[in-house]
4 protein chains.
Amino acid sequence: MIGGGEGAFIGQVHRMAAALDGELELVCGAFSRDMDNNARTGVRCGLAAERTYASWEEMLATESALPESQRMELVAIVTPNHLHVPIALAALQAGFHVFCEKPVARTLEEALPLQQAMAENQRLFGLAHTYLGYPLVWQAREMVRQGKLGRLRKIHVEYPQGWLGTKLEDTGNRQAAWRTDPALSGASGAMGDIGTHAFGLAEFVSGHQIKQLCATLSIHAEGRALDDDGDILFRTKEGASGTLIVSQVSTGEDNGLKIRVYGEQGALEWVQRDPNRLYFTPQGDVPQILRAGIDQPGLCEASIDRLRIPGGHPEGYLEAMANLYVDMAQAIRQGQHGSAPGVPSLADGLRGMAFVQTVLDSHASDAKWTPFVDISQIGSGRAQ
Amino acid sequence: MIGGGEGAFIGQVHRMAAALDGELELVCGAFSRDMDNNARTGVRCGLAAERTYASWEEMLATESALPESQRMELVAIVTPNHLHVPIALAALQAGFHVFCEKPVARTLEEALPLQQAMAENQRLFGLAHTYLGYPLVWQAREMVRQGKLGRLRKIHVEYPQGWLGTKLEDTGNRQAAWRTDPALSGASGAMGDIGTHAFGLAEFVSGHQIKQLCATLSIHAEGRALDDDGDILFRTKEGASGTLIVSQVSTGEDNGLKIRVYGEQGALEWVQRDPNRLYFTPQGDVPQILRAGIDQPGLCEASIDRLRIPGGHPEGYLEAMANLYVDMAQAIRQGQHGSAPGVPSLADGLRGMAFVQTVLDSHASDAKWTPFVDISQIGSGRAQ
Amino acid sequence: MIGGGEGAFIGQVHRMAAALDGELELVCGAFSRDMDNNARTGVRCGLAAERTYASWEEMLATESALPESQRMELVAIVTPNHLHVPIALAALQAGFHVFCEKPVARTLEEALPLQQAMAENQRLFGLAHTYLGYPLVWQAREMVRQGKLGRLRKIHVEYPQGWLGTKLEDTGNRQAAWRTDPALSGASGAMGDIGTHAFGLAEFVSGHQIKQLCATLSIHAEGRALDDDGDILFRTKEGASGTLIVSQVSTGEDNGLKIRVYGEQGALEWVQRDPNRLYFTPQGDVPQILRAGIDQPGLCEASIDRLRIPGGHPEGYLEAMANLYVDMAQAIRQGQHGSAPGVPSLADGLRGMAFVQTVLDSHASDAKWTPFVDISQIGSGRAQ
Amino acid sequence: MIGGGEGAFIGQVHRMAAALDGELELVCGAFSRDMDNNARTGVRCGLAAERTYASWEEMLATESALPESQRMELVAIVTPNHLHVPIALAALQAGFHVFCEKPVARTLEEALPLQQAMAENQRLFGLAHTYLGYPLVWQAREMVRQGKLGRLRKIHVEYPQGWLGTKLEDTGNRQAAWRTDPALSGASGAMGDIGTHAFGLAEFVSGHQIKQLCATLSIHAEGRALDDDGDILFRTKEGASGTLIVSQVSTGEDNGLKIRVYGEQGALEWVQRDPNRLYFTPQGDVPQILRAGIDQPGLCEASIDRLRIPGGHPEGYLEAMANLYVDMAQAIRQGQHGSAPGVPSLADGLRGMAFVQTVLDSHASDAKWTPFVDISQIGSGRAQ
């Protein structure tokens, strides 16, 4: 693991998620440039001192020199955004599989070299879009695929947060600090940080691709350099329209990621805060509540496979992330390369960056519609 | 009452609402051009045959000739949209107060002569924006006014319906038929019918006024002449931004009118389907649920005044409409003219028409932002 | 109407409910022994002074002397409990139909003479168990009848309130005062006041009859003379078991009447606070939410008949009460006598009193099970 | 770990929970008497073959012979109930700490020797009452302790399940088979299996102790030997009364463990299915929703300590169990013995068995109230 020292948030999430199902073991880390923090984190993670590295460069160098049976197989990159690409490039070139936090880069342009690196090294690349690990998200996707909603008309997705409603970055909060710093976070704030989640979820569940959008971004905390809020209209290639709402200044909201999809034959609604229920309303019929649980009726295989326990005992966010790790582990074991089935791929990551670029373009434009940035040449490899 | 014969929907709603509190009595009607329907409805309403009129023209003429103690005081106009203005004009000129269904007209232009008629006749004009009769909508407005939310940042309002998801107008459904016919309904379908509700609610609760918007409309049912769906971005004069989502083709939705308002100090959420709860989250504090009921803590006077019974016994849609009738009756009794306190006014109705016009302009435009149609010269008189 | 002066609660509820559908008109009243209150209420109700009577005795006498076309048809009794029987007896004997607040009497014994009066006078008697007017309560009953739940196993019903959690009767609250006074209220407090609602709902929906129960009552407010809380185990003749929980001291609760019925093939849940949703879980299948509304799928005729408007526009408590009045009016118009279809009958009222008696017997007993008081000889006539 | 081979449910839950926080490592196991299953499970858990033992007896013997630095410290007992006591006794005597599934034994009597074993061996004993690991359960307990509810009046707890509604034990379902077999499960079915959870939760949150109860049990699936359903009235030493409802035949229910506590100054409600929200209604004030999350306002230290991530990202059942493992690990590290702070103790387990015994006594009795079986001599040591 690279990143994830004390004071970070997502590193510990990754460690817990990776440990949950016993498929992966943390064998080494370069957690922090603060040597004390780094050492403490290594100890806390039960690592030997010699595998708690002072830098990621040292870690990659030293680990690749180890015998294959001892060296790490997969690098989890849980740093701020500006380090994703350099580390991922180096890791791939050093022969390691990569599981990287989102967004994959600060800008689309920065991310492009990863394609070349993937082509040259037969490694796996996975992106930590945790919400795409939720079982009922897969259930929703499958129901759309099966045509239970008919032709889709509307897609509404939103990700409201409130935690950046005040200027937390000035109070020593490290999470807030790097996320609001363009050099570390990228060209966009809220859209890069959580807009990519909303975007990814919408395309994942609907199977549609946005072809054009109209975005307006805001900065609510005075003196902040990056957008902390934005609203978007969009249309998909496949003929649906919808809205995407993202905010980090919506007072009182706490990760209220929500998606609604309306088709001619039915509609679905799912909310991350209550992830074990999926609302399905068939056209002209009584609404239904699909419940998560390995013993629950109405669930597809992809959904059941991502559950651990019977209905009524809630699984949550860590389990969703753990599902991505299980799929990474499985792909490693099966000797696959490119994308790991079930895990958001580099192509998904690039599409996310293209989304951010399109949003920024649209925000800067007086035209109503801005076409989605064309990355068709970049290849494919979406999660299956 | 004019309109509201058998097969209509809203006429019977008005009759029940007007009767509920015993403040008004139905004394005459011209319910339908179908004479059998008209007569049957009159009988059903307990009217004498001589006060069940064959046409609204006859009703206005005959009633104005009655002695003051016997003649009607207030005309409720519950016809399709194309008749709102001609009847209202005639009623005002004949000396009657008017309570008119929304939208006030088919187009802004069509509505303008009502201003003149109001200026010339010292009568009351009220608009049936039923949702603005809900007690907790007044509570929300009051909390915004009192500054409990601080400066507002975001306003999200939506009104999803699904009932026009299929081409119901071809199956003999009268409600669907006139609403989808430009000659009867006006220049917009969904935006005129329910977009005006969402718009009115957003401005009423927030106290803000939209200054520019970006709209995209759709027609999902093949062959339909008017929009049945639309999504809007907007910005207010006072500095908030937000979204307005309206649909009559969102499968499975049933009048899910919902508003969320986020300010620097707190946030509110209210949903029409569950109208007796108002969610309030103060910044940095525990979320609260305000409950409707004359005995419930935390409610303002304007909210308590619009409630009839203690908490836990739900009041609903008819009671909301009845609140508007009570306020009309009170204003009549007090000899007021112009707008009735508590009741949406002609100015509100004109602003709603300006909203529809702005939406249509924006939809037709390639520019991102379309300025809100200027009706500043039209006067004021919003509900207090 | 007898009772229901200013300061009362339920009288105004009856007036609004009776007015809602235009089937009944308030023509006279004896609202209060306080002559000023009586007169003010009469005026407020739009009654002529000569039909605002100083006492119910005078009202019955005077009205029965009026020509049939002018005199009232139906007496609504909305007084405290101790007057229910004397007024109902006199009204029946004077030839009027009766619609009486629950419980029908202070004790079972006190209620028995009403049977004789009903046998001697071909009049209607209805009991105001408002909750049995809710459309989805009828839907639930119908689904049980149709066997959609299979053989019933468990019935859980509860009616928690919190308003008597403090000694409100000492603060001038008239509602609290008479309800906690044995002379006015009867032999039981909470069980008579709202336990009868919970009991009636359980038997109505399930179609079962309680054969034995085990009750424990409490008084939480020091110095109060009547139970303000109680918990009950019960078994039905038909083989189900369950619990009935009633409280007026459950802090924060506001009329949370709720019923759950579990059968071998399915289960139902309904909560009065959210009366337009009925949760149905078929055995081994996905849970469903039935929604109220004249246009909603899955509803039975009895449920649709009790609704006024399409789904998503909530109807509530007043509409439930109004449904009972509509059924009373219809039965009057059809010249029926005894019980009015759809309205709880005298037999239901007696059964409610037998329930209270059984609960008191059980509370006083050391035996686990107390058999339900036998009133089989008292006749039948339950709501259809 | 002893038990938890393929086909078991709770063993894998324990393994995931123990792994989550990296505080414990699975070092050996005797998972199944079926040697193939045992071996497969060992491999799946990443154990060396020599530490996958053929029997628990062999495991205890071999492990205790290992050098202290290599041998296991804590035995997790996840077998059916009949093996809890023999294994726990042997493990304690062999010098291992014990973390045992509930109920601690088949009967109270069977459990008593564990007291002696605890007295003789300075080891830790923890009981897997998973629900007592939920952060907001600790929050509820703390709010009661702090007097935010005032003197408690009512406690309602329920644990409805539906999965044994059909005779699953005849279909090869191993979970159902042992739970319905008196020899493996004990003297009670549903009450032992999940009634103990409801009981433990009620006493844990309220701080009260039940002094007498009135129970009625049922068997709904024909031919089943043990209760699959039961309802209970109870009174506590401290003066509250309440109900406890337990069922495994309530069609459609899925672990709906729920507790409500009403005090003179406020009320709390928590439901396991939605574990990250705690409803608090202060007397005379607006209801509040406390939300789980390390960054959420209003939470006590004990609650925050049991959370991993910020609000809005749900933690669930596995995290609740993991909290117990973390507390066990901490107590081991600190060299404690007896009970581990935060973990249900042997005394809690004995009290649970006394509850089951009291329920069985009451069910067999015609008396209304049965006194709680006296185990005051058994010592103390409840979770702090």
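The values are calculated or read from the model by the stated rules, or taken from the named source; none is laboratory data. These figures come from a predicted structure and were not determined experimentally. When we count neighbours, we look across all protein chains shown, and the Cβ atoms used for this are built from the backbone with ideal geometry, even at glycine. These accessible areas exclude ligands, DNA and RNA; they are computed on the full protein's heavy atoms, side chains included. Shrake-Rupley method; radii C 1.70, N 1.55, O 1.52, S 1.80 Å.
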Task: Failed condition for D:Val75, given (1) open to solvent by less than 10 Å² (accessible area, probe 1.4 Å); (2) within 23 Å of D:Gly7 (Cβ to Cβ); (3) assigned to a helix (DSSP H, G or I) - done: (3)
Task: From A:Gly311, A:Gly263, A:Gly293, A:Gly284, residue being open to solvent by less than 10 Å² (accessible area, probe 1.4 Å) and at positive phi - done: A:Gly293
Task: Residue under evaluation D:Asn173, criteria (1) modelled with pLDDT of 95 or more; (2) surrounded by fewer than 24 Cβ atoms within 10 Å (Cβ to Cβ), criterion not met - done: (1)
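Scan the stretch A:92-108 and tell me whether some residue there is assigned to a helix (DSSP H, G or I), in contact (Cβ under 8 Å) with a residue 60 or more places away in the chain and open to solvent by 40 Å² or more (accessible area, probe 1.4 Å).
no
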Open item on the list: Pairs needed: first member in the stretch B:231-247, at the interface with another protein chain (Cβ under 7 Å from one of its Cβ atoms) and of a type outside the set (Asp, Glu); second member anywhere, surrounded by 24 or more Cβ atoms within 10 Å (Cβ to Cβ) and assigned to a loop (DSSP other than H, G, I, E, B); C-beta distance under 8 Å; at least 6 residues apart or different chains.
Closed with: B:Ser247/B:Gln161; B:Ser247/B:Asp228; B:Ser247/B:Glu253
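Could you tell me whether C:Arg291 is more than 30 Å from A:Leu268 (Cβ to Cβ) and free of Cβ contacts under 8 Å to residues at least 40 places away in the same chain? Steps first, answer last, please.
Details: more than 30 Å from A:Leu268 (Cβ to Cβ): no; free of Cβ contacts under 8 Å to residues at least 40 places away in the same chain: yes.
No: the conditions fail for C:Arg291.
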Open item on the list: Need the failing condition index for C:Leu164 against (1) aliphatic (A, V, I, L, M); (2) free of Cβ contacts under 8 Å to residues at least 12 places away in the same chain; (3) within 12 Å of chain D (Cβ to nearest Cβ), just the number.
Closed with: (2)
- [ ] Give the residue, chosen from A:Ala322, A:Ala331, A:Ala354, A:Ala302, that is crowded, with 24+ Cβ neighbours inside 10 Å and either in a loop (DSSP other than H, G, I, E, B) or in contact (Cβ under 8 Å) with a residue 40 or more places away in the chain (or both).
- [x] A:Ala322
Open item on the list: Tell me whether the stretch C:47-56 contains one or more residues that are buried (at least 20 other Cβ atoms within 10 Å of the Cβ), away from chain B (no Cβ under 13 Å), farther than 24 Å from B:Gly311 by Cα and among the hydrophobic types (A, V, I, L, M, F, W, C).
Closed with: yes
Task: Single residue of the stretch D:254-263 satisfying the filter (more than 7 Å from chain C (Cβ to nearest Cβ) and touching a Ser or Thr at 6+ places or on another chain (Cβ under 9 Å)) that is nearest to A:Gly293 (Cα to Cα) - done: D:Gly256
- [ ] Would you check if A:Ala322 is away from chain B (no Cβ under 14 Å) and within 19 Å of the chain's Cα centre (by Cα)?
- [x] yes
- [ ] Answer yes or no: is there a residue in the stretch A:359-371 that is within 21 Å of A:Leu152 (Cβ to Cβ) and at pLDDT 95 or above.
- [x] yes
Task: C:Ile219 vs. criteria in contact with a Phe, Trp or Tyr (Cβ under 9 Å, 6 or more places away or on another chain) and within 14 Å of another protein chain (Cβ to nearest Cβ) - done: no
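From B:Asp36, B:Asp21, grab the single residue that is within 23 Å of C:Ala322 (Cα to Cα) and either of a type in the set (A, V, I, L, M) or in the same structural domain as B:Ala94 (by TED's automatic domain parsing) (or both).
Numbers: B:Asp36 fails: within 23 Å of C:Ala322 (Cα to Cα).
It is B:Asp21.
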Task: Candidate set: the stretch B:266-281, residues that are touching a residue at least 60 places away in the same chain (Cβ under 8 Å), open to solvent by less than 30 Å² (accessible area, probe 1.4 Å) and in a strand (DSSP E or B); chosen: the one farthest from the other protein chains (Cβ to nearest Cβ) - done: B:Trp270
Task: So C:Gln330, is it at the interface with another protein chain (Cβ under 9 Å from one of its Cβ atoms) and among the polar types (S, T, N, Q) - done: no
- [ ] Mind counting the residues in the stretch A:57-72 that are of a type outside the set (D, E, K, R), over 11 Å from A:Met1 (Cα atoms) and either open to solvent by 50 Å² or more (accessible area, probe 1.4 Å) or within 27 Å of the chain's Cα centre (by Cα) (or both)?
- [x] 6
TODO: Select, from C:Val144, C:Val157, the only residue that is surrounded by 24 or more Cβ atoms within 10 Å (Cβ to Cβ), β-branched (Val, Ile, Thr), in contact with a strand residue (DSSP E or B) (Cβ under 7 Å, 6 or more places away or on another chain) and not assigned by TED's automatic domain parsing to the domain that holds C:Ile77.
DONE: C:Val157
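Within the stretch B:1-46, which residues are basic (Lys, Arg) and open to solvent by 40 Å² or more (accessible area, probe 1.4 Å)? Break it down stepwise before answering.
First pass over the stretch B:1-46, keeping only residues basic (Lys, Arg): B:15, B:33, B:40, B:44.
Once the filter is applied, which keeps residues that are basic (Lys, Arg) and open to solvent by 40 Å² or more (accessible area, probe 1.4 Å), the stretch B:1-46 yields B:Arg33, B:Arg40, B:Arg44.
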Open item on the list: Six or more apart or on different chains, Cβ atoms under 6 Å: show the pairs whose first residue is in the stretch A:122-148 and over 18 Å from A:Gly352 (Cβ atoms) and whose second is open to solvent by 20 Å² or more (accessible area, probe 1.4 Å) and in a helix (DSSP H, G or I).
Closed with: A:Trp138/A:Ala302; A:Glu142/A:Ala302
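Out of the stretch B:334-346, which residues are outside any loop (DSSP other than H, G, I, E, B) and open to solvent by less than 20 Å² (accessible area, probe 1.4 Å)? Full working, then the answer.
Our first condition is that a residue be outside any loop (DSSP other than H, G, I, E, B); within the stretch B:334-346, this holds for B:338, B:346.
Answer for the stretch B:334-346, where residues must be outside any loop (DSSP other than H, G, I, E, B) and open to solvent by less than 20 Å² (accessible area, probe 1.4 Å): just B:Leu346.
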Open item on the list: Filter the stretch D:166-184 down to the residues that are out of contact with any Asp or Glu (no Cβ under 7 Å at 6 or more places or on another chain), more than 24 Å from C:Asp285 (Cβ to Cβ) and of a type in the set (Gly, Ala, Ser) and list them by number.
Closed with: D:Ala183
- [ ] Name every residue in the stretch C:357-378 that is in a loop (DSSP other than H, G, I, E, B), open to solvent by 30 Å² or more (accessible area, probe 1.4 Å) and within 18 Å of C:Thr107 (Cβ to Cβ), in order of residue number.
- [x] C:Ser365, C:Val373, C:Asp374
- [ ] Scan the stretch D:176-199 residue by residue and report those that are under 17 Å from the mean Cα position of the chain (by Cα) and open to solvent by 10 Å² or more (accessible area, probe 1.4 Å).
- [x] D:Arg179, D:Asp193, D:His197
Task: Residue list for the stretch B:114-134, filter: buried (at least 23 other Cβ atoms within 10 Å of the Cβ), part of a helix (DSSP H, G or I) and over 15 Å from the mean Cα position of the chain (by Cα) - done: B:Leu114, B:Met118
